[in-house]
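Heads up, the thing below is written out as structure tokens.
Nothing in this text is a laboratory measurement; each read-out follows from the coordinates by a stated rule. Fair warning: this is a prediction, and the values are worked out from it, not measured in the lab. So basically every Cβ, Gly included, is an ideal-geometry build from the backbone, and we count neighbours across all protein chains shown.
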Amino acid sequence: MALKQGWQGRAYEDFEVGDIYPHSIGRTITQTDNIWFTLLTVNNNPVHFDHVYAAQTEFKRPLVDSTLTLAIVTGLSVSDISQNAVNLGWDEIRLPSPVFNDDTLYAQSEVLEMRLSQSRPNMGIVRVKTTGFNQDGQVVIEFKRTVMVYRRGHVPRHRRPLPVP
């Protein structure tokens, strides 16, 4: 049996302006995810965890914390965009539609710009626009993200021990 290398993410040279990456997995957000995240981040807005309060809003049910939406959609893009990168920032974050418990989020990213890093010759700068949408195809978040990506030949190697036979 042959040992085959898994997907290791993109290096700077693998990106091209105009490329669109439909990220391969989705993620269903549970009530537990939403409550734990609001507790972890000390977000005490009751619209995220108080069903009685949320029922009195125009949404009639709890909203998923928007920063959880940002974190999950960013996470969905990691294997295609930033597995071999360092985040430099997020810009123009927009939340056109609400996210609710039990929604499943999906994402895709488009490469907008790229240039070599002036301060780190072993890296390049890539700017992408990521769009997150729910199970009905409704856009729930859009943002631009800038990452500093290792160039080919400079990506740190994954060192995993092999099992002992």
Query raised in the report: From the residues in the stretch 87-106 that are under 13 Å from the mean Cα position of the chain (by Cα) and at negative phi, which one is surrounded by the most Cβ atoms within 10 Å (Cβ to Cβ)?
Result: LEU105
Query raised in the report: What residue, among those in the stretch 112-143 that are part of a strand (DSSP E or B) and basic (Lys, Arg), is surrounded by the most Cβ atoms within 10 Å (Cβ to Cβ)?
Result: ARG127
Query - Lone qualifier among HIS23, HIS51 - being in contact with a Pro (Cβ under 7 Å, 6 or more places away or on another chain), at negative phi and of a type outside the set (Val, Ile, Thr) - result: HIS51
**Report entry** Members of the stretch 144-157 found to be surrounded by 10 or more Cβ atoms within 10 Å (Cβ to Cβ) and either hydroxyl-bearing (Ser, Thr, Tyr) or more than 16 Å from VAL86 (Cα to Cα) (or both), listed by number
**Finding:** THR146, TYR150
Requested in this report: Considering (1) of a type in the set (D, E, K, R); (2) closer than 14 Å to SER66 by Cα; (3) free of Cβ contacts under 8 Å to residues at least 12 places away in the same chain, say which one LYS4 fails and leave the rest.
Outcome: (2)
Query raised in the report: Before we move on, is ALA11 over 26 Å from TYR150 (Cα atoms), of a type in the set (Gly, Ala, Ser) and buried (at least 17 other Cβ atoms within 10 Å of the Cβ)?
Result: no
Requested in this report: Mind telling me which of the residues SER109, SER77 ends up being assigned to a strand (DSSP E or B), surrounded by 14 or more Cβ atoms within 10 Å (Cβ to Cβ) and in contact (Cβ under 8 Å) with a residue 12 or more places away in the chain?
Outcome: SER109
